[in-house]
Amino acid sequence: MKMGEKLLSALPWLKPLLETEFYRLCGCKSLKQCNFYCTECMGSPFCEDCNNDPLKHEGHIYLRVNGEMMDSEEETNSEEEDVDPTSIDDQLTCQPDVQANPNSLRKRNRKGNPNRAPFS
């Protein structure tokens, strides 16, 4: 058994991932590009808004595709080429990205002088 066949048998989501077309507009009305892939659903790619929807992929392991993909017209023979697993960048981000809004930490400016007596 070749290394590529071993890898495909160990990772059943890898072949559908490699055949998936990314960076097209998502169908969820957000007009964002699809650059996420769920390794458990192994369906079509989805956008950031679909990823934030707790009902769709809650608790699933998903991948985010970064960079530009090769042209889909370019064909490769997967039987002749071995996939090198060391070239895969595994970047897990399990913690949410929280950023403080600096405007919410300050008091709001009041209009006029609040200590002024009316009609004086």
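Among Met42, Pro16, His57, whose Cα projects farthest towards the positive end of the dipole of segment 1-69, with charges put on the beta-carbon of Lys, Arg (+1) and Asp, Glu (-1)? Farthest towards the positive pole: Pro16. Relative to the current alpha-carbon distance between Ile61 and Lys15, full extension at 0.36 nm per residue lengthens the span by 14.9 nm. For segment 1-69, the Cβ-based charge dipole about the Cα centre amounts to some 140 debye (Lys, Arg positive; Asp, Glu negative; other atoms uncharged).
If you count Lys pairs in segment 1-69 whose Cα atoms are under 20 Å apart, skipping same-chain pairs closer than 8 places in sequence, the total is 4.
Of the Cα atoms belonging to segment 1-69, the radius of gyration and Dmax stand at 13.1, 45 Å.
Read-outs: derived from the displayed coordinates by stated rules, not from any lab. As the structure is a computational prediction, the values presented were derived from the model and not from experiment. As a convention, Cβ positions derive from the backbone with ideal geometry for all residues, glycine included, and neighbour counts pool all protein chains shown.
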